[in-house]
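The values are calculated or read from the model by the stated rules, or taken from the named source; none is laboratory data. Quantities reported herein were computed from a predicted structural model and do not represent experimental measurements. Methodologically, a virtual Cβ is constructed for each residue, glycine included, from the backbone with ideal geometry; neighbour enumeration extends over all protein chains shown.
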Amino acid sequence: MINACGYSRVVTQFFYNRGLSEPSQIEAFVAADDRLAADPALLPDMHAAVGRIYRALLSGEKIAIYGDFDTDGITATALLVQGLSVLNCRVVPYIPHRLTEGYGIKTAALEAFSQQGISLVITVDCGITAVAEVKQAHKLGLDIIITDHHIPPAETPSALAVINPKLPGSRYPFTELAGVGVALKLLQALFQGMGKEKQLSELIDLVALGTVADMTPLLGENRYLVNQGLKLINASPRLGLREMMTQSGLNITSLDSGVISWTIAPRLNAAGRLAHAMSSYRLLTTDSPQEARELAIWLEQKNVERQNLTSKTQTKARDYVLARGLTPLLFVTDPDFPTGICGLVAGRLAEEFYRPAVVIRTGEQSSGGSCRSIPEFDIIRALTQCHNLLSHFGGHAQASGFSLPTKNLPQLQSRLLELATEQLAGVDLRSRLDIDAEVKLVDLGGDTFPMMQKLAPFGQGNPAPTFLSRNVEVVDCCPMGANGGHLRLKISQAGTIWDGVAFDLGDYLDEVVSPMDIVYHLEINRWRQGERLRLNILDFAPTNRA
């Protein structure tokens, strides 16, 4: 049935690997249109939330949007503020300071809202665990609407409305919306009732940014939202985004999900990691060319600072792990770890050693940590089993964070290691590459790459196609980058020659032999206003002649 669609053998294999075997499935996947979107009314408490916002609009109430300091939270905050402003709503943004306030709703912020005459607070990308804080909000006379996408705890807050597709009993057919995606559905329900739904198209770029940055699966409705958002970004980018791309040195004709992941999101996140995320919010919402340029320059500087801090902290954490020996779960603590960097370092440890990693900045009384995991170990479930030791926690199966009294650290380490040892027994703790197709280099020509792009946008849940080519000749290989951390190669097979790059494999220069087998993505190399296809080599090994 697949072949009837007219795709090449290689592209046909991609569709099959993603569980798409019928022409109708393939057509819907490629189109990535609004057939993938669902009715916002299917989300829990949507009717109550919309009714309360209508009342606030009619009575001129002041509304606060309470966000988070990562790209998902920043874009969700901007989305609701700009969307409600279209309705002439009195709305103010609030994003907590990562270093002085931490994640989630804080009572001090609620008290400040009450003093400012705010009567309604709408959370984005947070709030699902704020049971005590919502109770306090009631005492202050504040109504709370929670929009969140994190896994709900056993007890959810007694808010006026809790909108989360992961809630038990939710009728919404797609559970993997990002925080900004859930915020969009609230705005969509509100605009539908007022005949203004078409105006949402002007905000869809924010949804694409937050959805890709939060590494939610780019399947189902997320595929539609990101596809539409990328179209808007490329057709008419926000002033701040355009300035950010200029300052980052990238000159591209078409921005894709990869550019969001590797260029835009790290810079937007850098503000919250090292200072205050409101700077990134202002960049996304400003209409001033001068302010956009100043903020983009500042963010570029913060991103460089973030890179240097991450590198230093990673080296220290890695030495810590190696000195103590590998265990099924890596648990690293230090009083000098920068709070905003812990998650990045945990991610790098988990990737290098293929184990769940917990990185904690310790304090005298309280400590805070970030976790990154592997598919075989659900870290948020593990934290739930340790809830009695924690002050706050939340997140997803693969990424989460928490705070706790420092005195509980030994117990937490012991319990998490016990859980990991039990659940990962018998698991081969080595990373693996899932290969879509084995091909000859000559097979990559023609329309293979353009046809492959029909599977885009690529990201979590829909990775870029991965190829294997055996018995290729290495024509040339040399170090690349300031410290020789990467490799630049020229690869040949049966008269077909390709340029290649192997990022972060500079230490394996001595292992490059000819012939060898290579695993790689096919990508566009954009450099000095030119574009050329190349192989992004992920792994290599000597060809087995046996």
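Couple of notes before you dig in:
- Restricting attention to the range 438-453, the residues that are charged (D, E, K, R) and touching a Leu at 6+ places or on another chain (Cβ under 8 Å) total 1.
- Considering residues of the range 95-105 that are of a type outside the set (A, V, I, L, M) and buried (at least 19 other Cβ atoms within 10 Å of the Cβ) only, the residue modelled with the lowest pLDDT: 103
- Taken together, 510, 434 contain a single residue that is loosely packed, with under 14 Cβ neighbours inside 10 Å and outside any helix (DSSP H, G or I), which is 434.
- Within the range 53-79, the set of residues being within 28 Å of residue 277 (Cα to Cα), assigned to a helix (DSSP H, G or I) and over 22 Å from the mean Cα position of the chain (by Cα) comprises 53, 56, 57.
- Selection status of residue 125, at pLDDT 95 or above and either in contact with a Cys (Cβ under 9 Å, 6 or more places away or on another chain) or loosely packed, with under 14 Cβ neighbours inside 10 Å (or both): no
- Qualifying positions in the range 437-450 - part of a loop (DSSP other than H, G, I, E, B) and of a type outside the set (Val, Ile, Thr): 440, 445, 446, 447
- Of all residues in the range 80-114, those satisfying the criterion of being out of contact with any Lys or Arg (no Cβ under 8 Å at 6 or more places or on another chain), closer than 26 Å to residue 194 by Cβ and not in a loop (DSSP other than H, G, I, E, B) are 80, 81, 82, 83, 84, 85, 93, 94, 113.
- One residue alone among 310, 327 is assigned to a loop (DSSP other than H, G, I, E, B) and of a type in the set (Ser, Thr, Tyr), and that residue is 327.
- Of all the criteria given as (1) at pLDDT 95 or above; (2) touching a Pro at 6+ places or on another chain (Cβ under 7 Å); (3) closer than 17 Å to residue 212 by Cβ, the one not satisfied by residue 229 is (2).
- Residues of the range 300-329 that are at pLDDT below 95 and within 13 Å of residue 371 (Cβ to Cβ): none at all.
- Some residue of the range 157-164 being surrounded by 17 or more Cβ atoms within 10 Å (Cβ to Cβ), in contact (Cβ under 8 Å) with a residue 60 or more places away in the chain and polar (S, T, N, Q): yes
- Counting the residues of the range 370-386 that are more than 14 Å from residue 417 (Cβ to Cβ) and in contact (Cβ under 8 Å) with a residue 24 or more places away in the chain gives 6.
- Residue in the range 195-218 that is of a type in the set (Lys, Arg) and not assigned by TED's automatic domain parsing to the domain that holds residue 129 present: no
- For the range 471-503, filtered to residues that are on the phi > 0 side of the Ramachandran plot and loosely packed, with under 13 Cβ neighbours inside 10 Å, the residue that is modelled with the lowest pLDDT is 484.
Let's see how each residue does on (1) in the same structural domain as residue 368 (by TED's automatic domain parsing); (2) under 26 Å from residue 283 (Cβ atoms):
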| residue | (1), (2) |
| --- | --- |
| 301 | no, yes |
| 304 | no, yes |
| 311 | no, yes |
| 319 | no, no |
| 332 | yes, no |
| 341 | yes, yes |
| 346 | yes, no |
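- Scan of the range 431-442 for residues that are at pLDDT below 90 and of a type in the set (D, E, K, R), ordered by number: 432
- In the range 137-155 there is at least one residue that is surrounded by fewer than 21 Cβ atoms within 10 Å (Cβ to Cβ) and assigned to a helix (DSSP H, G or I).
- Number of the condition not met by residue 387 [criteria: (1) under 18 Å from the mean Cα position of the chain (by Cα); (2) surrounded by fewer than 19 Cβ atoms within 10 Å (Cβ to Cβ); (3) under 23 Å from residue 126 (Cβ atoms)]: (1)
- Qualifying residue in the range 248-263 (condition: more than 29 Å from residue 464 (Cβ to Cβ), aliphatic (A, V, I, L, M) and surrounded by 14 or more Cβ atoms within 10 Å (Cβ to Cβ)): no
- Tally, over the range 185-227, of residues that are without any contact (Cβ under 8 Å) to a residue 60 or more places away in the chain and either in contact with a strand residue (DSSP E or B) (Cβ under 7 Å, 6 or more places away or on another chain) or surrounded by fewer than 20 Cβ atoms within 10 Å (Cβ to Cβ) (or both): 5
- Condition check for residue 212: farther than 25 Å from residue 86 by Cβ and assigned to a helix (DSSP H, G or I): no
- Of the residues 11, 91, the single one that is in contact with a strand residue (DSSP E or B) (Cβ under 8 Å, 6 or more places away or on another chain) and surrounded by 17 or more Cβ atoms within 10 Å (Cβ to Cβ) is 91.
- Evaluation of residue 348 against (1) under 23 Å from residue 423 (Cα atoms); (2) over 18 Å from the mean Cα position of the chain (by Cα) (one fails), failing number: (2)
- Selection from the range 63-112 of residues that are acidic (Asp, Glu), within 23 Å of residue 370 (Cβ to Cβ) and in contact (Cβ under 8 Å) with a residue 12 or more places away in the chain: 68, 70, 72
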